[in-house]
Amino acid sequence: MSGADDVKKVAVIGGGTMGNGIAQVFATNGFDVELIDAKPEFVQRALATIGRNLERVAKKQEWPADKAPGILARVHGGTSLDVAKDCPLVIEAVTEDFAVKKQIFLALDAVAPAETILASNTSSISITEIAALTKRPAQVIGMHFMNPVPVMQLIEIIRGLATSDATYALTEDLSKRLGKTPVEVNDYPGFISNRILMPMINEAVYTLMEGVATREAIDTVMKLGMNHPMGPLALADLIGLDTCLSIMEVLHVGLGDSKYRPCPLLRKMVAAGWLGRKSGRGFYEYPQA
Ligand code: CAA
Ligand code: NAD
């Protein structure tokens, strides 16, 4: 493959909070997308979410009636990783768990042509370690979109130890073609974004656990006092508390410093299945979920 212009079709593996947004953004920018999840009902849920979010953009931007359906029609749902056979770029966006990602990368490496780039949207897991699972470590890279993907400008591009300059250049070009701003980062736990963001969220959970203030007070201080668009507890609910806990675990183990220990209240809420918006309850309640 010579460059980003040769990429017409991508595969996105995992259609959850991030995967459906990534698929939406590629399709909106003219790419065909294969969106893969573990079960047909998860695929249907992802396609329905994209449909709703496109309608919202269509209403705001006064698109002609056929534009949103046309974009949605470019996203094909499925459950088989075999789609990697004819996609020059695959972006993995499954659960933040090394064991789950390992299974996906081994399978993708077995079916995808040798020149295919395998990207991960991981929030914190080592790209070098993921790349070492494959026979193509030079073509494995981190393409870290931010949530909500259609809205956020940044893509953090993470270079594993073996990632080639050609793989980096193509990923950077593609990010620009999506209208995003790429930032180059070397592979260390949590990269830039979550090395800095997640300890703040974890500290907000300690602040709540220790009874310093209510959830509303903590979020209001950070919104009105620091001009954050949303408070850290509401943001944790948007991200997913399971994802926040996994990221803290990676920081704690990977950097070996007790300052990254996950807050016990965060652990307890994840154990209860209170995962934030996606489960209907986190630090706040979301009756529609
Ligand atoms: N699809 C399309 N558009 C969407 C959308 C979606 N899923 N979600 C929101 N929008 C759009 C809305 O249509 C609206 O557009 P306009 O500005 O044109 O009106 C805009 O986003 C704002 O949305 P709302 O008015 O509904 O709500 P809001 O003003 O409260 O903004 C927010 C919502 C964009 C989420 C804002 O609160 C925000 O920026 N929050 C912080 C988000 C953040 O920090 N993200 C990073 C998380 S960390 C991460 O992603 C990395 C990781 O690894 C964990
Ligand atoms: P999520 O829990 O919302 O969705 C994960 C999806 O992966 C689910 O739809 C699940 O069914 C699917 N999945 C799990 N195992 C699978 C398998 N074997 N095959 C196919 N699909 C499978 O998680 P998310 O928030 O979308 O996170 C996905 C990735 O993106 C994680 O690595 C996470 O760290 C990263 N990320 C998350 C955020 C965020 O704010 N949530 C931001 C940036 C990056």
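Derivation of every value follows stated rules applied to the coordinates shown; laboratory data play no part. The structure displayed is predicted, hence computed values, not measured ones. Positions of Cβ are backbone-derived with ideal geometry, glycine not excepted, and every protein chain shown enters the neighbour counts.
I need a count of the residues in segment 101-128 that are within 16 Å of ligand 1 (Cβ to nearest atom) and either assigned to a helix (DSSP H, G or I) or at positive phi (or both). Spell out the reasoning first.
Going residue by residue through segment 101-128, those that are within 16 Å of ligand 1 (Cβ to nearest atom) are 101, 119-127.
If we keep only those that are either assigned to a helix (DSSP H, G or I) or at positive phi (or both) too, we end up with 101, 127.
Residues that pass the stated criteria total 2.
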(request) Would you mind stating whether Glu210 is over 22 Å from Ile22 (Cβ atoms) and more than 16 Å from ligand 2 (Cβ to nearest atom)? (result) yes
(request) Could you give me the residue pairs with C-beta distances under 6 Å whose first residue belongs to segment 175-198 and is part of a strand (DSSP E or B), whose second residue is within 15 Å of ligand 2 (Cβ to nearest atom) and among the charged types (D, E, K, R) wherever it lies, and which are 6+ apart or on separate chains? (result) Val183/Glu156; Val185/Glu156
(request) Just name the residue that is farthest from Ala4 (Cα to Cα) out of those in segment 153-169 that are touching a Gly at 6+ places or on another chain (Cβ under 9 Å) and within 14 Å of ligand 1 (Cβ to nearest atom). (result) Gln153
(request) Identify the single condition in (1) surrounded by fewer than 23 Cβ atoms within 10 Å (Cβ to Cβ); (2) more than 16 Å from ligand 2 (Cβ to nearest atom) that Glu156 does not satisfy, given that it satisfies every other one. (result) (2)
(request) For segment 182-202, enumerate the residues that are aromatic (Phe, Trp, Tyr) and within 11 Å of ligand 2 (Cβ to nearest atom). (result) Phe191
(message) Just to verify a result, which residue in segment 21-33, among those that are free of Cβ contacts under 8 Å to residues at least 60 places away in the same chain and in a helix (DSSP H, G or I), is surrounded by the most Cβ atoms within 10 Å (Cβ to Cβ)?
(response) Ala23
(request) Look through Ala68, Ala119 and report the one residue that is within 13 Å of ligand 2 (Cβ to nearest atom) and either surrounded by 15 or more Cβ atoms within 10 Å (Cβ to Cβ) or among the aromatic types (Phe, Trp, Tyr) (or both). (result) Ala119
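For Glu96, indicate whether it is among the acidic types (Asp, Glu), outside any helix (DSSP H, G or I) and over 16 Å from the mean Cα position of the chain (by Cα).
Working: among the acidic types (Asp, Glu): yes; outside any helix (DSSP H, G or I): yes; over 16 Å from the mean Cα position of the chain (by Cα): no.
So Glu96 does not fit the description; no.
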(message) I'd like the full set of residues that are out of contact with any strand residue (DSSP E or B) (no Cβ under 9 Å at 6 or more places or on another chain), part of a loop (DSSP other than H, G, I, E, B) and within 15 Å of ligand 2 (Cβ to nearest atom), limited to segment 249-283.
(response) Pro262, Gly280
